[in-house]
Amino acid sequence: MASTPPHCSITATTKPYQNHQYPQNHFKSHRNHHHNNNRNQPHPQKFSLSKPPPSSSNATKHTTAAASAATASSARAPISQTPAPFPSLAPDFSGRRSTRFVSKMHLGRPKTTVNTRHTSVAEEVLQLALLNGQTSLENVLVSFESKLCGSDDYTFLLRELGNRGEHEKAIKCFQFAVRRERRKNEQGKLASAMISILGRLGKVELAMGIFETALREGYGNTVYAFSALISAYGRSGYYDEAIKVFDSMKNYGLKPNSVTYNAVIDACGKGGVEFKRVVEIFDEMLSGGVQPDRITFNSLLAVCSRGGLWEAAMNLFSEMVNRGIDRDIFTYNTLLDAVCKGGQMDLAFDIMAEMPANVLPNVVTYSTMIDGYAKASRFNDALNLFNEMKFLGIGLDRVSYNTLLSIYAKLGRFEEALDICREMEGSGIRKDVVTYNALLGGYGKQGKYDEVRRLFDEMKAQRVSPNLLTYSTVIDVYSKGGLYEEAMDVFREFKRAGLKADVVLYSALIDALCKNGLVESAVSLLDEMTKEGIRPNVVTYNSIIDAFGRSTTSEGLSDTGQISELQTKTSSLVIERGIEADLTDGEDNRIIKIFGQLAAEKGDQAKKGCGVKQEILCILEVFQKMHELEIKPNVVTFSAILNACSRCDSFEDASMLLEELRLFDNQVYGVAHGLLMGYRENVWIQAQSLFDEVKSMDSSTASAFYNALTDMLWHFGQKRGAQLVVLEGKRRQVWENVWSNSCLDLHLMSSGAARAMVHAWLLNIRSVVFEGHELPKLLSILTGWGKHSKVIGDGALKRAVEALLTGMGAPFQLAKCNLGRFISNGPVVTAWLRESGTLKLLVLHDDRTHLENTRFQEISNLQTILL
């Protein structure tokens, strides 16, 4: 039970509400259908982490409010989800990473007012305490001692001094009050207040000192003192200590109340504790008869938000409605954050559309939605929301500006990005490290290295200190651009700044090695990374898996076209000398050597990578490490494995890699293996379920998976299966606007997918011809011009399509004005399609059927021996 993953059920019994299938527009039903007779009834059940059965997206969009209400009244939603055959949606599926977490939830949240019965004397003492130093504070307190009205006045003083950051004066005032107060319960109130104040100020060690003293002297043994310390630990991210204090309450005979439970749940959320553990605490709260309130649910939603657990968040929201608990702006913003991080942007839009009936969206709401659209690569939707903000007169905050700026930078629309910078500064918000990181990443992806250098210098001149993500971004940009001397200079600066390499920096270096085809070196750096106590993430492993079998003279590294042979030799010489100097300090030697290796490899374009068998061993070792560290793979991992299979020279080698899918995910393996073996009819229903999961992700991730699966099938001769998959992708609009009668757009497709699609498109326009219709005068096939190719206009996709068209004798020629466009006249193509032998060329046939399966049984044993 303890080892159950966070997305699995942790309760043995089934509750009545576990079968509730919530509709995506259930907000209307919740708003219009409150059960007043159940509003105050306690619900002491444990909450299951079981997943409701998936509902049809089309059906849910047309579900009426009355039907939704009826469903909600008959069954209750579970809080989370069971393990799905295919991994549930998560932010990692987009293949992106971030080292920062911006808490949007508390921004704009109305502050609660504390009603105290303090006297006007306390206010006079406060002013004198602020004007005088600590040495005079004792005299002030003594002179007003007879006039101060007990713990109420002293609590007021503590709180107000804390609000002004005067924690030392607050402690002095607390010590004075405790000495004068004889009643233990009043001393306990003062101790709880002081611990809480220090916790808010981040002075957790001082708070612990107050608590231990109070406990030792007999007035700290109260639920409120324990709750205050739990909250103090939670605010500073010490969730382990918070849970220990919570568990220790039983030893003192204390029963946690709602304040205690809210504090420990909030601490778990801030500390990234697994949702399973948080639900266990929540179950304990309910079984103890302690009723949750809005703060409880908001804290639980925050836990879901950090993990992208959108289904659990939706069920929590439903539970709030069922209990009659009001939702505030914090509730909605946190729910939206979880749903956006889960990639469910259409659902997020529906939630936001329903908000005005309960609470008006604010700048945080819009910032969350815009950020979600941006991460899903739905930039137009993000910009539309930005325009809506302006129309409604909602002023942008720093997060909004930075998100918007990042969108323009990713789109390469730098003039507009700079306009946003100017508008941001005009509103009194200076560019910060997040602003610069967005611009650096945007310019870097466009290969604008001079701008990267200028911005990096500018931010330091403006006294904006680069952070880990800044250095990781710049090193990554320079490394992938082949500017190894510059990358080494930035790394030296990074060391001088006293920063320690994190998972993002290591992942960037590993990715740079992989892009060069240096898989063994990447695995070696992975080992060093773990020895340094830095836990790799799924992105790190995906880079290595995806590098398998790629050409060691990677096209991606040569896209600058700006760096001459003389520059390369000069850079290599400079770097070699720099290495000799750096190695003397004994720090980060391995990373310094990497830059030298990259420079040497760049200078030697005739280099050869390690053998395929050796690379397979490296990749199998990577898989083993993922299992050991319990790194959960995502769709990008599966795509990388499929891509690696399609680059294998033999079916046996591919089988060894494909078997890893069985260990990671049986459904993905079943579909890939079944299609590869030619068993299309047997696995297509299972494949449809898999494609349903993939379609719900962002477009780039979904298309990458379809491309990888199709490439593998095409590579091993299962061409009909490849075409079946690619047409399914077209039907599901994985590639938008991929074809019309006049144009076939292949630029987002892989080589195998594009070739399968060419056959399907030509068959389609052939049917148009034989139905008696005329083709358009001009027909086009777009492949893109290969901006990442070693030679501009000579991309791998273009070459593959050109060879296919030539082999079929299709009358298409390369357009003179567009290096990535094949064109032909409609009448010419019509004549070719009417030729007797054309149909035979267009209909795909499998090169091999029902591949021998004898090797598959041996693979697992071979893997065990190798590892």
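The values are calculated or read from the model by the stated rules, or taken from the named source; none is laboratory data. No experiment lies behind these values; they were computed from the predicted model shown. All Cβ positions, even for glycine, are placed from backbone atoms using ideal geometry, and neighbour counts span all protein chains on display. Surface areas here come from the heavy atoms of the whole protein model, side chains and all, with no ligands, DNA or RNA. Shrake-Rupley method; radii C 1.70, N 1.55, O 1.52, S 1.80 Å.
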Item to check | Complete set of residues in segment 404-451 that are small (Gly, Ala, Ser), farther than 19 Å from TYR478 by Cα and open to solvent by 20 Å² or more (accessible area, probe 1.4 Å) | outcome: SER406, GLY426, SER427, GLY428
Checklist entry - Restricting to segment 267-282, what's the tally of residues that are in a helix (DSSP H, G or I) and open to solvent by 10 Å² or more (accessible area, probe 1.4 Å)? => result 5
Next on the checklist: Restricting to segment 648-677, count the residues that are crowded, with 20+ Cβ neighbours inside 10 Å and of a type in the set (Gly, Ala, Ser).
Outcome noted: 3
Checklist entry - Across segment 820-839, which residue is modelled with the lowest pLDDT among those that are under 47 Å from the mean Cα position of the chain (by Cα) and either among the charged types (D, E, K, R) or open to solvent by less than 80 Å² (accessible area, probe 1.4 Å) (or both)? => result GLY820
Checklist outcome for this item: Residue count, segment 314-343, condition part of a loop (DSSP other than H, G, I, E, B) and in contact (Cβ under 8 Å) with a residue 40 or more places away in the chain, comes to 5
Checklist outcome for this item: Counted residues in segment 501-522 being open to solvent by 10 Å² or more (accessible area, probe 1.4 Å) and part of a helix (DSSP H, G or I) come to 5
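Among the residues of segment 465-488, are any under 26 Å from the mean Cα position of the chain (by Cα), at positive phi, surrounded by fewer than 22 Cβ atoms within 10 Å (Cβ to Cβ) and of a type outside the set (Phe, Trp, Tyr)?
Taking every residue of segment 465-488 in turn, none turns out to be under 26 Å from the mean Cα position of the chain (by Cα), at positive phi, surrounded by fewer than 22 Cβ atoms within 10 Å (Cβ to Cβ) and of a type outside the set (Phe, Trp, Tyr).
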Checklist entry - Filtering segment 113-142 down to residues that are β-branched (Val, Ile, Thr) and assigned to a helix (DSSP H, G or I), which residue is least open to solvent (accessible area, probe 1.4 Å)? => result VAL125
Next on the checklist: Can you say whether VAL683 is among the hydrophobic types (A, V, I, L, M, F, W, C), open to solvent by 10 Å² or more (accessible area, probe 1.4 Å) and either part of a loop (DSSP other than H, G, I, E, B) or closer than 20 Å to ALA722 by Cβ (or both), as far as the supplied structure shows?
Outcome noted: yes
Checklist entry - Taking segment 694-722 only, how many residues are among the polar types (S, T, N, Q), part of a helix (DSSP H, G or I) and open to solvent by less than 30 Å² (accessible area, probe 1.4 Å)? => result 4
Item to check | Subset of segment 344-353 (residues that are assigned to a helix (DSSP H, G or I), touching a residue at least 60 places away in the same chain (Cβ under 8 Å) and open to solvent by less than 30 Å² (accessible area, probe 1.4 Å)) | outcome: LEU347, ILE351
Checklist entry - Restricting to helices (runs of 4 or more DSSP H) lying wholly in segment 143-257: which have 3 or more residues that are open to solvent by 20 Å² or more (accessible area, probe 1.4 Å) and acidic (Asp, Glu)? => result 239-248
Item to check | LEU190 being closer than 20 Å to ALA122 by Cβ and at pLDDT 85 or above | outcome: yes
